[in-house]
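Student: Got a structure for you, written out below as structure tokens; questions coming shortly.
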């Protein structure tokens, strides 16, 4: 069975929806071709070890979306219906007639209707100049910081995404985004799911100047603790900061949450590293304990940001896209 149909039962996304998304993504990427026959409900259920009713629900949804076609006695096929230009024109004219009738029934004159249509058309033209940008990373700390860094760029609409959600809904990036920003670590995977690889921009991350300056002042022998919202961020901080603080005693990172006894965790530490915006990841009690710790010890807020070269390249890419969208 082709791996395109594989689902992950550990995700919070319903299994039938995962299958719908996988097949839609396959159609968009060309790995599933028009006219290609899909396994029967029973075959798919046996292959994936899930209930037949779940497969049927996914197939029914895809048929409703126009992705699949069920042919009695033959099976289920990927379908493709080319648009009929004359039919689309007739539908458009009918829609305009209905709109004009509704506005006239509301008492608006032809002049007023003309003004409204002109204003709305101008508004939509301006909206089209906005570049939709997805920021994709494997941990929420870096997603939040990259998004914050990009807010200074004019004319873009930011859409932060955790990598695991992109894996569950891969077609979303192709359908909705003009540009997809990620790090080299995840670039290969995103290239594999994007129909248009030109949308992908790789950026390099580095510790912010403030973070780096603080880390370099950690002394040999200091007991250093790391707290974060995700293990991936904590591991990244550990690998990076060890190189800038040789001789320091880095302890096993811990995550914010009920499983971490903050008072006990902080009791034997000289230095603690936390995300720059740690308040969003822990409760009020943890925030207060960190504030108390900082009065007598060292609390370093860690942030990763795009390096200067990546940021300049990205700004140029965005400028070009905005110009293309306004032509």
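Read-outs throughout are calculated quantities, based only on the coordinates presented, and are distinct from any laboratory measurement. This structure is a prediction, so every number in the text was calculated from the model and none was measured. Cβ: placed from backbone, ideal geometry, glycine included. Neighbour counts: every protein chain shown.
Student: Which angle between 0 and 90 degrees, to the nearest 10, do you get for helix 110-128 versus the longest principal axis of the chain when only C-alpha atoms count?
Tutor: 40
Student: Let me ask something else. Compute the long axis of helix 52-64 from its Cα atoms, compare it with the longest principal axis of the Cα atoms of the chain, and write down the angle in degrees, 0 to 90, nearest 10.
Tutor: Result, in degrees: 60.
Student: Considering every Cα-Cα pair within the chain, what fraction, in whole percent, is farther apart than 31 Å?
Tutor: Result: 54 percent of Cα pairs exceed 31 Å.
Student: On a 0 to 90 degree scale, rounded to 10, what angle separates helix 15-29 from the longest Cα axis of the chain?
Tutor: Roughly 70 degrees, rounded to the nearest 10.
Student: Given contacts defined as C-alpha pairs under 8 Å and at least six residues apart, what's the relative contact order of segment 209-302, whole-number percent?
Tutor: Once normalised by length, the contact order is 34 percent.
Student: Pulled fully out, how much extra length does the chain show between residue 130 and residue 291, if you take 0.36 nm times their separation in residues and subtract their Cα-Cα distance?
Tutor: 53.9 nm
Student: Can you tell me which of 254, 232, 264 moves the most in a GNM of the chain? Springs connect C-alpha atoms under 10 Å apart.
Tutor: Maximum fluctuation in the GNM of the chain, among the listed residues, is at 264.
Student: Which one of 163, 99, 173 has the biggest mean-square fluctuation once the chain is modelled by GNM with Cα springs under 10 Å?
Tutor: Comparing 163, 99, 173 in the GNM, the peak value goes to 99.
Student: Here's a follow-up. Taking the Cα centroid of segment 1-42 and of segment 130-206, what is the distance between the two, rounded to the nearest whole Å?
Tutor: Computed from Cα coordinates, the inter-centre distance equals 23 Å.
Student: So, one more: Among 216, 44, which comes first, second and so on when ranked by fewest other beta-carbon atoms within 10 Å?
Tutor: 216, 44
Student: Give or take rounding to whole Å, what are the principal axis extents of the alpha carbon atoms in segment 146-229, in descending order?
Tutor: Principal extents (Cα only, largest first): 51, 29, 20 Å.
Student: Fewest first, what order do 234, 138, 49, 302 take by the number of other Cβ atoms within 10 Å?
Tutor: 49, 138, 234, 302
Student: Within the chain, what percent of beta bridges assigned by DSSP are antiparallel, to the nearest 5?
Tutor: Around 25 percent of the beta bridges assigned by DSSP in the chain are antiparallel ones.
Student: Kindly put 143, 287 in sequence by how many other C-beta atoms sit within 10 Å of each C-beta, fewest to most.
Tutor: 287, 143
Student: In addition: Considering only 159, 297, 186, give the residue with the highest GNM mean-square fluctuation for the chain, with springs between Cα atoms whenever their separation is below 10 Å.
Tutor: Ranking 159, 297, 186 by mean-square fluctuation puts 297 first.
Student: Rounded to the nearest 0.05, what FRET efficiency do residue 191 and residue 110 give with R0 = 51 Å and r taken as the Cβ-Cβ distance? Could you check?
Tutor: Here the calculated transfer efficiency is 0.45.
Student: Using a 10 Å cut-off on Cβ atoms, rank the peptides 110-119, 189-198, 19-28 from the highest mean neighbour count down.
Tutor: Output ranking for 110-119, 189-198, 19-28: 19-28, 189-198, 110-119.
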